[in-house]
Amino acid sequence: MEFQTDWRGRRTGRANPMSKPPVFVLGSARSGTTLLYHTLLSSGSFAVYRTEPAAFDLLVPKFGSLSELGNRKRLLDVWFRSYQFRLSGLERNSLESRILGECRNYGDFLQIVMNEIARIQGVERWAVWGPDNLLHIPTIARDVPHALFVHMIRDGRDVAVSLGKEGWIHPFPWDSKRAMLVGALHWKWKVDQGRSDGRNIPGRYLEVHFEDLVSRPQETLAKIGTFIGQDLNHSVIAKTAVGTLSNPNSTFREDRNPAAGNPIGRWERRLSHADIASLESVIGDLLLELGYGLMFHSPAQRNFQVRTMQKLYPPYFAAKEWLRTHTPLGRFVNTDRLRFGDDPVGQNQERESPGQPDHANA
């Protein structure tokens, strides 16, 4: 095997023609990952690939280990019919021979595809977007050993409001009137997992707050640029404005009131004090840890129902994810996100979804 050194001078296990490391933009759903991803694409330094590869959260459980030739063939039979492949602009023949001959894991698969997209576009690096990658940091860090991770974190109260409107995180039947609290617990579970895994890869993991990117873009982009080793010129980005920079994908973009359209602190404008107190009783400790202020100076007293939810849902979310990724049940993962046939959503309408919604009553 031919070894190369990465941008920090460390030896990597596989040849990588890109001169700078790839960037994985990840975070809980509705946290601004699409905004940051399109910001990077607007800089002109990254390959423009406006879709979610879904390699680690969808393809891994669906097709199993790529160390087996049969699994690589099954993967390609499906992937070559997907919107993801059509949008790549790549030729099937050369790509197929490389994946069948060189792939041993999904990091190899992703690097072959994205390196080739970057090469034909004449840019020096690539980034990928995928909120659910937040749950796969250890695997990605191992299989793409030069990758960097930027974790977008947004106020969990705003995330819970958005998730509640979208209806992605379904509660158990007996919690049907507390769906927003379940969404908040889902946010906390994912953020806690991502932060825990990120601490295990020092120098490769950065946390960025959505509110900072929106309210102080130049300063925040400078911070991100220093971390990833890339000049992120705010003027160039604002002028190019790929995707959601010019066409926001906000859950609440139908609102006509300009004030209501402000994505920061929407929870204060939309929730009653009672609802805010309930949210803060569930996730207030993490909000404080992340530097967010609370409307109620300390998390409200947790009643029996809230304590039960806090004990029940995080293990449920974790168990469901484990069953999906470590057992044959993963073979039944829905492949709708690969968008077979005509593109039903449209290239300019990416949605910052959590992949497969978490149905607690499924």
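Evaluating Arg50 against the criteria (1) under 11 Å from the mean Cα position of the chain (by Cα); (2) at pLDDT below 90 leaves one unmet condition, (1).
Only one residue in Ser82, Ser97 is small (Gly, Ala, Ser) and under 20 Å from Val48 (Cβ atoms). Which one?
Of the residues listed, the single one that is small (Gly, Ala, Ser) and under 20 Å from Val48 (Cβ atoms) is Ser82.
Scanning segment 101-126 for residues that are of a type in the set (Phe, Trp, Tyr) and part of a helix (DSSP H, G or I), we see that the one that is nearest to Phe80 (Cα to Cα) is Phe109.
What residue, among those in segment 261-311 that are among the aromatic types (Phe, Trp, Tyr) and under 19 Å from His209 (Cβ atoms), is modelled with the lowest pLDDT?
Here is the first cut: in segment 261-311, the residues among the aromatic types (Phe, Trp, Tyr) are 267, 292, 296, 304.
Going one step further and asking which of them are under 19 Å from His209 (Cβ atoms), we end up with 267, 292.
Working: Trp267: 92, Tyr292: 95.
Looking at residues that are among the aromatic types (Phe, Trp, Tyr) and under 19 Å from His209 (Cβ atoms), I get Trp267.
Would you say Ile276 is more than 21 Å from the chain's Cα centre (by Cα) and surrounded by 17 or more Cβ atoms within 10 Å (Cβ to Cβ)? The answer is yes for Ile276.
All conditions but one from (1) charged (D, E, K, R); (2) part of a helix (DSSP H, G or I); (3) farther than 18 Å from Arg204 by Cβ apply to Arg142; the one that does not is (3). For segment 133-169, filtered to residues that are within 23 Å of Pro314 (Cα to Cα) and of a type in the set (Gly, Ala, Ser), the residue that is modelled with the highest pLDDT is Gly156.
Taking the listed residues Asn93, Asn105, the one that is modelled with pLDDT of 90 or more and either of a type outside the set (Asp, Glu) or within 20 Å of Ile137 (Cα to Cα) (or both) is Asn105, with no other qualifying. Of all residues in segment 216-235, those that are aliphatic (A, V, I, L, M) have Cβ atoms under 6 Å from Cβ atoms of residues that are not in a loop (DSSP other than H, G, I, E, B), 6 or more apart or on another chain, in Leu221/His234; Ile228/Val23; Ile228/Leu148; Leu232/Leu221; Leu232/Gly225.
In this structure, does Val78 turn out to be part of a helix (DSSP H, G or I), among the β-branched types (Val, Ile, Thr) and crowded, with 19+ Cβ neighbours inside 10 Å?
On the way: part of a helix (DSSP H, G or I): yes; among the β-branched types (Val, Ile, Thr): yes; crowded, with 19+ Cβ neighbours inside 10 Å: no.
When the stated conditions are applied, Val78 does not pass them.
Filtered by the rule that a residue be over 27 Å from Gly183 (Cα atoms) and basic (Lys, Arg), segment 130-156 gives a lone residue, Arg142.
For segment 223-243, taking the residues that are farther than 18 Å from Met152 by Cα and of a type in the set (Ser, Thr, Tyr), the one that is surrounded by the most Cβ atoms within 10 Å (Cβ to Cβ) is identified as Thr240.
Among the residues here, Gly64 does not qualify as within 30 Å of Val236 (Cα to Cα) and small (Gly, Ala, Ser). Scanning segment 110-129 for residues that are in contact with a helix residue (DSSP H, G or I) (Cβ under 6 Å, 6 or more places away or on another chain) and of a type outside the set (A, V, I, L, M) gives Trp126, Trp129.
Residue check: is Leu206 of a type in the set (A, V, I, L, M), closer than 22 Å to Lys20 by Cβ, modelled with pLDDT under 95 and not in a helix (DSSP H, G or I)? It is false that Leu206 is of a type in the set (A, V, I, L, M), closer than 22 Å to Lys20 by Cβ, modelled with pLDDT under 95 and not in a helix (DSSP H, G or I).
Listed here are the residues, each with its yes/no results for (1) among the charged types (D, E, K, R); (2) in a helix (DSSP H, G or I).
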| position | (1), (2) |
| --- | --- |
| Pro53 | no, no |
| Lys62 | yes, yes |
| Arg72 | yes, yes |
| Asn93 | no, yes |
| Ile99 | no, yes |
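The values are calculated or read from the model by the stated rules, or taken from the named source; none is laboratory data. Because the structure is a prediction, the values reported are computed rather than measured. FYI the Cβ positions are ideal-geometry reconstructions off the backbone, even for glycines, and counts take in every protein chain you see.
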